[in-house]
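See structure below.
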Amino acid sequence: MKKTVFFVLLILLTLACNDEKSLIISGKCQGNIREYLYLNSVNLNNPVFVDSVRINRYGKFKIKIENPEPVFYTLGFDNNEFVTVVAEPGDRINLEFRGKRLQNDYTVEGSEESEKIRMLDKKLGQTIIILDSLSTEYQAIIEKGDNPEKVSEIEQEYTRTLNEQRKHNIAFILDNLSKLSAIKALYQKVNENTYVLYQQRDLQYLKLVSDSLGKYYPGISLTKSLKENLDDEINRMYMNRISRAAEELTPVSLDANLPDLNGERVSLSGLMKDSYVLLSFWSAESKECISNNLFLKQMYELYHNRGFEIYQVNLDSDESLWKNSVRFDELPWVNVREDDPSNPVTARMFNVTSLPANYLFDMNGDIIAKDLFGRSLRIKLGQIFD
């Protein structure tokens, strides 16, 4: 007998614990002509069907579901006619719908956060009515095409109304940083394509809410999704900034225009019209560079008449050393020198970090190889010309 009583008490205790986490939404629809209400859970912007409830002949309904963590729900007839509530485990929410459309006139009890959402939606609904009216008036004037001043006036009023709604949502967020209803203020839209918080700098409010709810509601699905969305938006913002910066950059031409032994300026690109050009960087003080030049003389003799040219940039600080070396080694190609070897602009442009260094350009001005020396250069030139 004692064992039976113990098990009965255990079952009752278990049921009571489960009931503490369950959610009950009940209420009444006045003037309703629909038969069912549908409940969806919403993780940010993605609704998922949970359950449905039949409305009895008196317009009353009641739905009970397991609700182990705070969740946003929509309750309504379809995707166009519904209300949003935010429910925590154990909530008992009562809704009364009095309008022709559910969201137009209803009350909510048992959930302070759901009441805040009702007020947010009410304010947004009023704004959308104004914006739609302005859009209709704007379109009518545009079609007539006879009142440009009125068009400008409507555009300004539209922007003012939109910004007023934006400021309202921002104020709400700042007043409710630790509340789940702040999420609703983040994701409200004035139309399918436009968020109320539409400016890029509004990302700061997403971060504020994400950081705050991460403290007050750690580990729940809503908080995790909010953090993921924040990371995605930040990455998208950085990528947009990079793309815009790339579009705004002045195109940089990988060209050089430097003085030769006689002080005449010679451009690298000018040689590419009829030749494959090896852009070579060197110093007369480097034994490796001198050895490479002797090999280049062989390649130049073999392929110059077939369309091979060398544009060689010297980086020596001593101009006399450069000129004497060119003449002594009888280097037959174009030999130029940085305008200021202490500030080697061309070498930096081509990211030269050691000598010798070279780039091979085709006749279109495209780099087709880099740092080819000895056998590697011989093979590449053989592929091109043989």
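The values are calculated or read from the model by the stated rules, or taken from the named source; none is laboratory data. Just so you know, these numbers come straight off a predicted model, no measurement behind them. Counting neighbours? That spans all protein chains shown, and the Cβs are built from the backbone with ideal geometry, glycine included.
A few remarks follow.
- Whenever a residue of region 319-339 is free of Cβ contacts under 8 Å to residues at least 24 places away in the same chain, its partners that are assigned to a strand (DSSP E or B), lying with C-beta atoms within less than 8 angstrom and at least six residues away or across chains, give the pairs Glu319/Arg337.
- Considering region 25-45, the residues that are in a loop (DSSP other than H, G, I, E, B) and not small (Gly, Ala, Ser) include one that is modelled with the lowest pLDDT, namely Asn32.
- Condition check for Tyr311: touching a residue at least 12 places away in the same chain (Cβ under 8 Å), surrounded by fewer than 21 Cβ atoms within 10 Å (Cβ to Cβ) and among the aromatic types (Phe, Trp, Tyr): no
- Selected residue (criterion: farthest from Lys189 (Cα to Cα)) from residues of region 143-168 that are more than 34 Å from the chain's Cα centre (by Cα) and surrounded by 12 or more Cβ atoms within 10 Å (Cβ to Cβ): Asn147
- Residue check: Gln383 meets all listed conditions (1) in contact (Cβ under 8 Å) with a residue 40 or more places away in the chain; (2) farther than 22 Å from Leu261 by Cα but one, namely (1).
- Selected residue (only one of Leu44, Leu75 is under 19 Å from Leu186 (Cβ atoms) and either surrounded by fewer than 15 Cβ atoms within 10 Å (Cβ to Cβ) or touching a residue at least 24 places away in the same chain (Cβ under 8 Å) (or both)): Leu44
- Any chance Leu271 is surrounded by 16 or more Cβ atoms within 10 Å (Cβ to Cβ), modelled with pLDDT of 95 or more and of a type outside the set (D, E, K, R): no
- Test: residue in region 360-372 that is loosely packed, with under 12 Cβ neighbours inside 10 Å and among the small types (Gly, Ala, Ser): no
- Scanning region 185-200 for residues that are of a type in the set (D, E, K, R) and not in a loop (DSSP other than H, G, I, E, B) yields one hit, Lys189.
- For region 120-141, a residue qualifies if it is closer than 27 Å to Gly27 by Cβ and either surrounded by 14 or more Cβ atoms within 10 Å (Cβ to Cβ) or among the basic types (Lys, Arg) (or both), and the qualifying residues are Leu120, Asp121, Lys122, Lys123, Leu124, Thr127, Ile128.
- Selection count where residues are within 33 Å of the chain's Cα centre (by Cα), surrounded by 14 or more Cβ atoms within 10 Å (Cβ to Cβ) and not acidic (Asp, Glu), scope region 104-119: 4
Listed here are the residues, each with its yes/no results for (1) at pLDDT 85 or above; (2) of a type outside the set (A, V, I, L, M); (3) farther than 22 Å from Gly219 by Cα; (4) outside any strand (DSSP E or B).
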position: Thr14; (1), (2), (3), (4): no, yes, yes, yes
position: Leu23; (1), (2), (3), (4): yes, no, no, no
position: Tyr58; (1), (2), (3), (4): yes, yes, yes, yes
position: Pro68; (1), (2), (3), (4): yes, yes, no, yes
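- Index of the failed condition, Ser253 passing every other in (1) surrounded by 10 or more Cβ atoms within 10 Å (Cβ to Cβ); (2) at pLDDT below 70; (3) more than 23 Å from Ala357 (Cα to Cα): (3)
- Pairs with Cβ under 8 Å, 6+ apart, first in region 348-361 and assigned by TED's automatic domain parsing to the domain that holds Met272 and closer than 23 Å to Ser275 by Cβ, second at pLDDT below 95 and polar (S, T, N, Q): Pro356/Ser286
- Check on Leu377, of a type outside the set (Val, Ile, Thr), outside any helix (DSSP H, G or I) and in contact with a helix residue (DSSP H, G or I) (Cβ under 8 Å, 6 or more places away or on another chain): no
- Of all residues in region 307-355, those satisfying the criterion of being aliphatic (A, V, I, L, M) and outside any loop (DSSP other than H, G, I, E, B) are Ile310, Val313, Leu321, Val326, Val334, Val336, Val345, Ala347, Met349.
- Looking at Leu206, Leu180, just one residue is farther than 16 Å from Glu233 by Cβ and surrounded by 16 or more Cβ atoms within 10 Å (Cβ to Cβ), and that residue is Leu180.
- The listed residue being among the hydroxyl-bearing types (Ser, Thr, Tyr) and farther than 23 Å from Gly219 by Cα, out of Tyr73, Tyr36: Tyr36
- For Ala171, the requirement of being surrounded by fewer than 13 Cβ atoms within 10 Å (Cβ to Cβ), within 18 Å of Thr127 (Cα to Cα) and of a type in the set (A, V, I, L, M, F, W, C) is met.
- Scanning region 22-37 for residues that are more than 39 Å from the chain's Cα centre (by Cα) and not aliphatic (A, V, I, L, M) returns Ser26, Gly27, Lys28, Cys29, Gln30, Gly31, Asn32, Arg34, Glu35, Tyr36.
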